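Below is one structure, written out as structure tokens; comments come after it.
The values are calculated or read from the model by the stated rules, or taken from the named source; none is laboratory data. Source: prediction; values computed, not measured. Quick reminder, even Gly has a Cβ in these numbers, built from the backbone with ideal geometry, and neighbours come from all protein chains shown. Just so you know, the surface numbers come from the protein's heavy atoms only, side chains and all, with ligands and any DNA or RNA stripped out. Shrake-Rupley method; radii C 1.70, N 1.55, O 1.52, S 1.80 Å.
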Amino acid sequence: MMMQHRWTALVTLLALLAYFWMIVQVGRARAKSGIMAPAMTGDPLLERAVRVHYNTLEFLPIFLVSLWLFAVYWNELVAAGMGIVWIIGRLLYAAAYMADPAKRGPGFMIQSLACAVLLFGALGRIIYSLATGGV
Amino acid sequence: MMMQHRWTALVTLLALLAYFWMIVQVGRARAKSGIMAPAMTGDPLLERAVRVHYNTLEFLPIFLVSLWLFAVYWNELVAAGMGIVWIIGRLLYAAAYMADPAKRGPGFMIQSLACAVLLFGALGRIIYSLATGGV
Amino acid sequence: MMMQHRWTALVTLLALLAYFWMIVQVGRARAKSGIMAPAMTGDPLLERAVRVHYNTLEFLPIFLVSLWLFAVYWNELVAAGMGIVWIIGRLLYAAAYMADPAKRGPGFMIQSLACAVLLFGALGRIIYSLATGGV
């Protein structure tokens, strides 16, 4: 049984829980609004909950893949730390967007920064490693 | 060449095929409706096919990541079995939603249960392992 | 530190950069159109940018997972090569769709072909391996 990268795995599962909580918020906003599936529009709070959820879904592939590549090819604990930053950014984004879409900036910047560190960190490390030898 | 986790890999690819089939159903519903891209609305069957596809896409990160973390950190065959349950739940959900959106509940519950077992199983196993020693 | 599969990792990160560029195009189209979040419709160029982004998001799980399973269970360099083909197909698709949605076909076919090679290649290799022995 693999026992490596458990901190990365833990942060990954916490991120998925935060993401799942956003799915639940969409369901609750839908129930409150009285709008039936498949409609997704017609109530401001439902539309905001949907956008919070979908913006997070849009960034999940960037975040999760960069997180693991950074952890595997460079540094496990830096990756896990950046993962915590990403989750905090995402929760701030969600809370601010539900209150007022115009205030979604700071949380979004925090999650973007965490993604950028993970993606460009992993990219730089892998290019450096390929350029300096090894197979 | 890695020969571990082939059952998990097989179930993963079957899940992607089920997911791809939903993408094809959207294309077919679009062709039948005569609605041209980029429009996604205006025909009930197209809207249902889109919602089936997107709801599945929304859960794919939770499912795929939890499936692999459960398989790698705990038990390969339980993970693969839960993966089969997830696929069945998703196909039931798709068939029911296309017939009548109000009947989408049971398939959705089955896929949610499979996701919950995989996510909380992996989470519990990793927390237990970190709490009881090892690096 | 794992030093395997660096070409696959490199192609993965390039694909995520191409995907991130599509997210940026949506933001730019939104700014140009003057349409405020959470609205996603009302301007043809914004709607096209959103569709380019979302169609790519829809295929990312199929592409990324099949890419890695092909690389791990079969052949690293073929996987990385198909990954490059996928990125080229996606960029052609984006450019054509923004110019005229009716011209999105060729880029879409290229990316579909790359996905099919990766998915069915990995599936065939894993089924063959399970059928001919080993655990």
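A compact table of results
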read-out	value
Accessible area buried at the A-C interface, both sides summed, 1.4 Å probe (Å², nearest 100)	2400 Å²
FRET efficiency for C:Ile35 and A:Trp21, using Cβ-Cβ distance with R0 set to 41 Å, rounded to 0.05	0.90
Over chain A: helical MRE at 222 nm, DSSP H runs n ≥ 4 each giving -39500 (n - 2.57), nearest 500	-29000 deg cm²/dmol
Other protein chain Cβ atoms within 10 Å, averaged over every residue that makes up B:68-74	4
Cross-link pairs beyond the 25 Å C-alpha cut-off, checked among B:Lys32/C:Lys32; A:Lys32/B:Lys32; A:Lys32/B:Lys103	B:Lys32/C:Lys32; A:Lys32/B:Lys32
Globularity ratio of region C:86-130, using Cα Rg and 2.2 N^0.38 Å	1.50
Accessible area of region A:21-135 belonging to carbon and sulfur atoms, whole % at 1.4 Å probe	72 percent
Percent RCO, i.e. relative contact order, over chain C, from Cα pairs under 8 Å lying at least 6 residues apart	26 percent
Equivalent ellipsoid dimensions for region C:23-135 as semi-axes, Å, which come from the Cα gyration tensor, largest first	36, 14, 10
Cut-off 14 Å between beta-carbons: net charge of the residues surrounding C:Val26, Lys and Arg +1, Asp and Glu -1	+3
About the Cα centre, charge dipole magnitude for the protein assembly as shown (Lys/Arg +1, Asp/Glu -1 at Cβ), debye	380 debye
Whole-Hz couplings from phi, Karplus 6.51/-1.76/1.60, listed for region B:28-39; x for Gly and Pro	5, 5, 5, 4, 5, 6, x, 7, 8, 4, x, 5
Mean accessible surface per residue for the protein assembly as shown, computed with a 1.4 Å probe while every protein chain stays in place, in Å²	43 Å²
Positive-end residue of C:Pro106, C:Pro44, C:Tyr93, charge dipole of region C:27-135 with Cβ unit charges	C:Pro44
Computed Kirkwood radius, in angstrom, where 1/r is averaged over Cα pairs of region B:16-77	13.1 Å
At 1.002 mPa s and 20 °C, Stokes diffusion of region B:46-102 via Kirkwood alpha-carbon radius, µm² per second	175 µm²/s
Residue-wise HN-Hα coupling along region B:18-25, computed from phi with Karplus coefficients 6.51, -1.76, 1.60 (Hz; x: Gly, Pro)	4, 5, 5, 4, 5, 4, 4, 4
Estimated inter-spin distance, B:Ile84 and C:Ile88, nm [label 7 Å along Cα→Cβ]	4.1 nm
Listed residues A:Tyr97, A:Tyr73, A:Tyr19, most fluctuating in chain A (Gaussian network, C-alpha, under 10 Å)	A:Tyr73
Within a Gaussian network of chain C (alpha carbon springs, distance under 10 Å), most fluctuating of C:Gly83, C:Gly34, C:Gly121	C:Gly34
Chain-alone versus full-assembly comparison, region B:15-52, residues with accessible loss of at least 20 Å² (1.4 Å probe)	B:Leu16, B:Leu17, B:Tyr19, B:Phe20, B:Ile23, B:Ala37, B:Pro38, B:Met40, B:Glu47, B:Arg51
C:Arg28 paired with B:Asn75, simple spin-label distance in nm, labels 7 Å along Cα-to-beta-carbon	5.2 nm
